[in-house]
Amino acid sequence: YLWSGAFTDSSTHDLPELVVDPPKPQDMQEKDYSKQIIDISNYQNEKVVDIFPKVGGVIVKVGWVGEKFGGNEFKLDPRAKLFTDKAREAGKLLGFYWLPYFSSEEEATQNAEYFTECVETLGNKDGELLFVDLEPDFEGTLEQLKLFKNLVLQKTGKQVFTYAGEAITKKLGLDRVDWYPNYGNPGNYAHGSLIHQYTESGNIPGYDGKLDLNTTNKSIEELRSLSKSVNNSNEKSEDNLSSIK
């Protein structure tokens, strides 16, 4: 004879009830972001600096110029100094990128002067990289781009590395790019690139906004070594990174 209540009574009666707490968020292991590089601009708010200690590097938009974005007046990105200071405080790889708008030698020269002004304003330090961000609507020629890079090299002592996707790479006939945007799985280092931007809508705990996330096929120290000043100001600023391939 079996009493059906023995199978339906859920109380513990005189036995102590054990309560198992669900795991707290801080008890769960967080993903390692120490090899990720984020690129940021005024589109991110000040809270993004809270995640700097988690990542391997920060590339900051420093400025732009052009009729499409407020006329020809020089524009320093409003949060560039904050982001720069906080990245240095965190001891992270730091890069600066310039969004160019030029379609003549005169405009390329002006862009080079403004980019240099940004770099000097924020501090031109060894171990910090310079980039030019070539978006699909870039209207300049390859010769104008070379002029821009050479002028920045002469003024800062540093090469300017290239961010460019498929459209601009084909349009300008670039031999290689250094920072390649292609959204999907991380690790696509096409065109000899060292940095791959694999998403524009990434998330890192501690910041609730969207982020551009990047991976690199080199160590952080190898990337830092690329930014050492070049003594020969007459050397052309081509994308020549063969020394660490």
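At-a-glance table
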item: Residue within the range 106-117 that is farther than 26 Å from Gly209 by Cβ, open to solvent by 10 Å² or more (accessible area, probe 1.4 Å) and touching a Ser or Thr at 6+ places or on another chain (Cβ under 9 Å) present; result: yes
item: Some residue of the range 137-156 being over 18 Å from Phe74 (Cα atoms), without any contact (Cβ under 8 Å) to a residue 40 or more places away in the chain and basic (Lys, Arg); result: no
item: Residues that are under 19 Å from Pro136 (Cα atoms) and of a type in the set (A, V, I, L, M), drawn from the range 147-204; result: Val160, Ala164, Ala167, Ile168, Leu172, Leu174, Val177, Ala190, Ile195
item: Scan of the range 99-154 for residues that are part of a strand (DSSP E or B) and either at pLDDT below 95 or charged (D, E, K, R) (or both), ordered by number; result: Leu99, Glu128, Asp133
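Residue-wise test of (1) in contact with an Asp or Glu (Cβ under 9 Å, 6 or more places away or on another chain); (2) open to solvent by 60 Å² or more (accessible area, probe 1.4 Å).
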position: Val177; (1), (2): yes, no
position: Pro186; (1), (2): no, yes
position: His191; (1), (2): yes, yes
position: Ser201; (1), (2): yes, yes
position: Leu211; (1), (2): yes, no
position: Ser227; (1), (2): yes, no
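This table checks each residue for (1) out of contact with any strand residue (DSSP E or B) (no Cβ under 8 Å at 6 or more places or on another chain); (2) β-branched (Val, Ile, Thr).
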{"position": "Leu93", "(1), (2)": "no, no"}
{"position": "Leu134", "(1), (2)": "no, no"}
{"position": "Asp137", "(1), (2)": "yes, no"}
{"position": "Val152", "(1), (2)": "no, yes"}
{"position": "Asn188", "(1), (2)": "no, no"}
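The values are calculated or read from the model by the stated rules, or taken from the named source; none is laboratory data. None of these values were measured; they are calculated from a predicted model. Cβ sites come from the backbone with ideal geometry, for glycine too, and all protein chains shown count toward neighbours. Heads up: the accessible areas ignore ligands, DNA and RNA and are worked out on the full protein's heavy atoms, side chains in. Shrake-Rupley method; radii C 1.70, N 1.55, O 1.52, S 1.80 Å.
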